[in-house]
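A.B. asks: I'd like to ask you about the structure that follows.
The values are calculated or read from the model by the stated rules, or taken from the named source; none is laboratory data. Since this is a predicted model, take the numbers as computed values, not measurements. With ideal geometry, Cβ positions are generated from the backbone for all residues, glycine too; neighbour counts draw on all protein chains shown.
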Amino acid sequence: MGNFRKIVNNVIRDADVILIILDARMVEETRNIVLETMVKDLGKPLIYVITKSDLVTEKENVETQKKEFFSAPKVKLLSEYKRELKPCVFVSSTKYYGVNILREKIMIESKRYKIERMPIRVGVIGYPNVGKSSLINAMSGRGAASTSTMSGHTRGVQNIRADNTITFLDTPGVIPFKETDKTKHAIIGSIDYTKTEDPDLVVMKIMENYPGIIEKYYEVEMSDDYEETIKEITKKKKLVVKNNEPDIEKMSRQILKEWQTGKIK
Ligand SMILES: Nc1nc2c(ncn2[C@@H]2O[C@H](COP(=O)(O)OP(=O)(O)OP(=O)(O)O)[C@@H](O)[C@H]2O)c(=O)[nH]1
Ligand SMILES: [Mg+2]
């Protein structure tokens, strides 16, 4: 991660325009104030890109923000982020929403900041797994940036020429140095389901903070005993270990996968 931070710092220094990528399902949790401040202090144009917006609706987002999950200071609508994070564009790299608007915004900002270099160098930064490489692919119309459901996939900086006007600099995802909450990182997908140490604890935390979502997906009754609920789901899915005890860990990892990939929402 230390090396990744260095790579990101270099990209912030070298790029003409910076895109900060945030996950629409957890905007507040995927903000990295340290990086934002670094960009602002350098006086560079910054555009917030809220991606994976195909996975939320305005209503669903209000529900999730209402739980004041980790650091969200208050209930926020996606439209409020639009006012707070300026300029900001909502995109979906899988459905290609917002791609043209983002291209226009990049052009507007570079004009405003009197950037004369052509093609403009656009640095793409954010938490692991938020969709940086996917966005570059959607913007450049080809699969030049490698993507994965696994976090930490992009490991070095990669230059991708989109067209005559833009070259993207793809970067590895980074987490703020001081942030050590692994449960949070699993819930936002920065530690993917294959690497999560205690998937059962993470699933229980999701059940606590987003009541009923997992239960509804697996069609089981809600209960305050989250472990029991996971057992129920395990039985339903017939995931058992040798001695006939439900394999809680395997099931939890499976649930976390569905959560991280946006199937449970
Ligand atoms: N539904 C949906 N999924 C997306 C979108 N963008 C990315 N994803 C998925 O999110 C996962 C991570 O995407 P990447 O583009 O590899 O993310 P990244 O930020 O480059 O990740 P690292 O390189 O590991 O930091 C992949 O499974 C993508 O298919 C989107 O707009 N909508
Ligand atoms: Mg990547």
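A.B. asks: Is one or more of the residues making up the range 125-139 part of a helix (DSSP H, G or I), assigned by TED's automatic domain parsing to the domain that holds Val27, modelled with pLDDT of 95 or more and touching a helix residue (DSSP H, G or I) at 6+ places or on another chain (Cβ under 7 Å)?
C.D. replies: Yes: the range 125-139 contains one or more residues that are part of a helix (DSSP H, G or I), assigned by TED's automatic domain parsing to the domain that holds Val27, modelled with pLDDT of 95 or more and touching a helix residue (DSSP H, G or I) at 6+ places or on another chain (Cβ under 7 Å).
A.B. asks: Here's something else I'd like to know. Exactly one of these conditions fails for Lys195: (1) assigned to a loop (DSSP other than H, G, I, E, B); (2) within 15 Å of ligand 2 (Cβ to nearest atom); (3) over 14 Å from the mean Cα position of the chain (by Cα); (4) touching a residue at least 40 places away in the same chain (Cβ under 8 Å). Give me its number.
C.D. replies: (2)
A.B. asks: Collect the residues in the range 205-223 that are under 23 Å from the mean Cα position of the chain (by Cα) and either free of Cβ contacts under 8 Å to residues at least 40 places away in the same chain or surrounded by 16 or more Cβ atoms within 10 Å (Cβ to Cβ) (or both), keeping them in residue-number order.
C.D. replies: Lys205, Ile206, Met207, Glu208, Tyr210, Pro211, Gly212, Ile213, Ile214
A.B. asks: So in the range 142-200, with the set limited to residues that are among the basic types (Lys, Arg) and closer than 19 Å to Glu249 by Cβ, which one is farthest from ligand 1 (Cβ to nearest atom)?
C.D. replies: Among them, the one singled out is Lys182.
A.B. asks: What number of residues within the range 92-120 satisfy the criterion of being among the basic types (Lys, Arg) and surrounded by 14 or more Cβ atoms within 10 Å (Cβ to Cβ)?
C.D. replies: Looking only at that region, the number is 2.
A.B. asks: Say whether the condition of being among the basic types (Lys, Arg), near ligand 2 (Cβ under 9 Å from one of its atoms) and within 19 Å of Val49 (Cα to Cα) is met by at least one residue in the range 131-148.
C.D. replies: Checking the range 131-148: at least one residue is among the basic types (Lys, Arg), near ligand 2 (Cβ under 9 Å from one of its atoms) and within 19 Å of Val49 (Cα to Cα).
A.B. asks: For the range 149-176, give me each residue that is part of a loop (DSSP other than H, G, I, E, B), more than 9 Å from ligand 2 (Cβ to nearest atom) and not small (Gly, Ala, Ser).
C.D. replies: Thr149, Met150, Val157, Asp163, Asn164, Thr165, Val174, Ile175, Pro176
A.B. asks: Here is a list of conditions, (1) polar (S, T, N, Q); (2) outside any helix (DSSP H, G or I); (3) over 30 Å from Arg121 (Cβ atoms); (4) modelled with pLDDT of 95 or more, and Asn244 meets all of them except one; can you say which number that is?
C.D. replies: Single failed check for Asn244: (4).
A.B. asks: Return yes when Val157 is crowded, with 22+ Cβ neighbours inside 10 Å and assigned by TED's automatic domain parsing to the domain that holds Asp16 and no when it is not.
C.D. replies: Against the criterion (crowded, with 22+ Cβ neighbours inside 10 Å and assigned by TED's automatic domain parsing to the domain that holds Asp16), Val157 does not qualify.
A.B. asks: Next question, about the same structure. Do you know which residues across the range 121-141 are surrounded by fewer than 22 Cβ atoms within 10 Å (Cβ to Cβ) and more than 14 Å from ligand 1 (Cβ to nearest atom)?
C.D. replies: Arg121, Gly141
A.B. asks: Still on this structure, please answer the following. If we scan the range 174-185, do we find a residue that is surrounded by fewer than 23 Cβ atoms within 10 Å (Cβ to Cβ), in contact with a strand residue (DSSP E or B) (Cβ under 9 Å, 6 or more places away or on another chain) and without any contact (Cβ under 8 Å) to a residue 60 or more places away in the chain?
C.D. replies: no
A.B. asks: Could I ask something else about it? Which condition does Val174 not pass, out of (1) under 30 Å from Met38 (Cα atoms); (2) of a type in the set (Val, Ile, Thr); (3) out of contact with any Phe, Trp or Tyr (no Cβ under 6 Å at 6 or more places or on another chain), if it passes all the others?
C.D. replies: Exception for Val174: condition (3).
A.B. asks: Checking the condition more than 23 Å from Gly143 (Cβ to Cβ), of a type in the set (A, V, I, L, M) and either surrounded by fewer than 17 Cβ atoms within 10 Å (Cβ to Cβ) or modelled with pLDDT under 95 (or both), which residue from Val39, Val56, Val89 passes?
C.D. replies: After ruling out the rest, the residue left standing is Val56.
A.B. asks: Within the range 87-124, work out how many residues are charged (D, E, K, R), in a helix (DSSP H, G or I) and in contact (Cβ under 8 Å) with a residue 12 or more places away in the chain.
C.D. replies: Matching residues across the range 87-124 total 4.
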